[in-house]
Amino acid sequence: MLRLVSKKVLGLASQEGLVSRPVQVLPRMYHERVIDHYDKPRNVGSLDKNDPTVGTGLVGAPACGDVMKLQIKVDEVTGKIVDARFKTFGCGSAIASSSVASEWVKGKQLEEVVTIKNTEIAKYLSLPPVKLHCSMLAEDAIKAAVKDYEAKRAKSNGSATAAPAAKAAEA
Amino acid sequence: MWKSKVWNLTLLSTILRRRPTLLSISHFQSNSTSHFPPTISRTSYFDFLGNPNFPGKTFCSESAEKSHVHVRCWSCGNVANGSLFLFCDSCRSIQPLDQSVDYFQIFGLERKYDIGVENLEGKYKDWQKKLHPDLVHSKSEKERGFAAEQSARVIDAYCTLSKPLLRAIYIMRLEGVDVDEEETLSDPELLSEILEIREAVEEAADSQELNQIQSQMQEKLDHWSSSFANAFQCRKFEEALNSIRRMTYYHRVNEEIVKKL
C-alpha cells in the first residue's frame, strides 16, 4: 500500500516535474480535470453583492452541508457576463464544478448561460454518479445568479414589463 | 463482507474497552471528502443511508412482532422469547440477522427521539459480549457469518442512536420520511449564515477563535435538536426536516473546525 502510494507520488513527480499537493489527497477515481480545478480553482472570490450589475446565486446541498456562491458581473448594454467569481465550501467535486461554471459563464450572454446543463459539467469533469449532485448545484447556482441579476435590474428599471417577473420570482 | 474483514481485525477486548470510532456524520460528506480513511462507521452508514431503496416498512415493530411469533433457534430449536432474537439464551448461538428489528428495539428503547444516550454504551457492550465474531471463531462458517452481521448491525445501531443528527434522520426514516435530500437548497437566510460562518472558520487566526465558533455551533445544534424533537413529536415532518437541514449544516461546520484544530 505504502509502496503504491509512493510510486504514485514519484510517478507524478517525474512525469510532470512538479508535485501538486492535493493530488495525493484526492483518490485516483477523480478525473484529472477535477484535480486541476480543485488544486487551482479559477475565479475564486467575491464581487460586491450590492452592485446593481452583479447577480449573486447562493445555493446549498442539504444532504452534505455544502454551500456554493456564484456571482456574475453583467454588462448592462450587451447583456454579456464580463466577470464571474465563486466561493464554495464543499467537496472537491463541488469546488471543481463551480470553478468550471465560473469559467464557462464568462463572456457569454445571460440567456446562453441558463442553458448550461449539469450533465455537461459532469461530463466535462467525468464525475462519478454519486457526485452528480455537485454539478447540479453548479447549474442551480448559475440560474440563481442570473435570476438575482434580473430581479435587481427589474427593480432599478421599474419597467412595467420586467416588474411582474421579479415579483413572481420573489413570491 | 467488508465488515467481517473489519471485525476480524478488531479484537473483542479492544471493542469492549473502547467505543467504536464515531465519525459522526461522515456519511454526509463521505462523498465530499473521499479521502476519508475507511472506518467502521463510514461503511455502516452506507447500509441504511446509502441504500435509497431501503424499505421503510421492514422497520415496523408490529411486523417484527408478528414474524417472530414462532421463531426458533436455528441451532437448538428453542422457541424465541419475545420479538428480539439476536442470540439464543439456551444454546448461546448467534441468530441470523433480522432487518425488521429496528435500532431502538436492539437497545430496548421506545421509538422516540429523546433517549438517554448515556445508557447506550453499556447495552452496546452487552451485545458485543454475545455477538462478537471473536466468540464464534471456532464455530461453523454459517454462525461466523451471523456474528459478523449481527455485531456490525449493533455497531450501526449504536453509532446511529448515539448521535443526535443521525438519530433524527433514522427516526424519520422509520416514519417513512426520506431525508436523503437531492434537491438544491436556496434558503438565502440559512445559506448566507453558513457562508459567513464557514468564512469565519477559514479565516480564524487561532484555536481560541475556532473554539468560540465551535461552542456557538453546539448551542445552535442543541437548539435545533430540541426543535426537531418537538416537531417530530407533533408529527410536523416538514418542520422536522428543516431542523435536520440546520443540524446538518452546523454539524458540517463543526467537522471543519475539528479538521483545523
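Just so it is clear, none of the values below were taken in a lab; they were calculated from the coordinates. This structure is a prediction, so every number in the text was calculated from the model and none was measured. Glycine also receives a Cβ, built like all others from the backbone with ideal geometry; neighbour counts cover every protein chain displayed.
Couple of notes before you dig in:
- Going from the residue with the fewest nearby Cβ atoms within 10 Å to the one with the most, A:Met29, B:Met247, A:Met68, B:Met172 rank A:Met29, B:Met172, B:Met247, A:Met68.
- Note on region B:167-216: Kirkwood radius taken over Cα pairs, Stokes-Einstein applied at 37 °C and 0.692 mPa s, translational D equal to 243 µm² s⁻¹.
- Spin-label model, B:Gln99 to B:Gln212: label points 7 Å out along the Cα-to-beta-carbon direction sit 5.0 nm apart.
- Using only the C-alpha atoms, the convex hull of region B:82-200 corresponds to 164 Å³ per residue.
- Residue mean of other protein chain beta carbons inside 10 Å, B:180-192: 6
- In this entry, region B:160-252 is assigned a mean projected area of 6.5 nm², taken as a quarter of its C-alpha convex hull surface.
- Taking other C-beta atoms within 10 Å as the exposure proxy, B:Asp98, B:Asp206, A:Asp66 rank B:Asp206, B:Asp98, A:Asp66 from fewest upward.
- Averaging Cα coordinates gives a centre for region A:62-134 and one for region B:88-124; these two points are 46 Å apart.
- Nearest-20 debye value, region B:185-261 charge dipole, Cβ charges on Lys, Arg, Asp, Glu: 460 debye
- Partner chain coverage, peptide B:248-259 - average Cβ within 10 angstrom: 2
- Loop-located chymotrypsin sites (Phe, Trp or Tyr not before Pro) in region B:87-166 (DSSP state other than H, G, I, E, B) with a sparse environment of at most 10 neighbouring Cβ atoms within 10 Å are absent.
- Gyration tensor verdict on region A:54-159 (Cα atoms; rounded if a/c is under 1.5, prolate if a/b is larger than b/c, oblate otherwise): prolate
- Of the residues B:Phe228, B:Ile257, B:Ser207, the one whose Cα sits farthest towards the positive end of the charge dipole of region B:188-260 is B:Phe228 (charges of +1 on Lys and Arg Cβ, -1 on Asp and Glu Cβ, taken about the Cα centre).
- Bridgeable aspartates and glutamates around B:Lys112 (alpha carbons under 15 Å apart, same-chain partners fewer than 8 residues away excluded): B:Asp102, B:Glu175.
- Partner shielding of A:66-75 amounts to 3, given as the average count of beta-carbon atoms from other chains within 10 Å of each residue beta-carbon.
- Value of Rg to Rh for region B:137-178 (Rh from inverse mean 1/r over Cα pairs, i.e. Kirkwood): 1.21
- GluC sites (Glu not before Pro) within region B:182-257, DSSP loop, no more than 16 other Cβ atoms inside 10 Å: B:Glu182, B:Glu183
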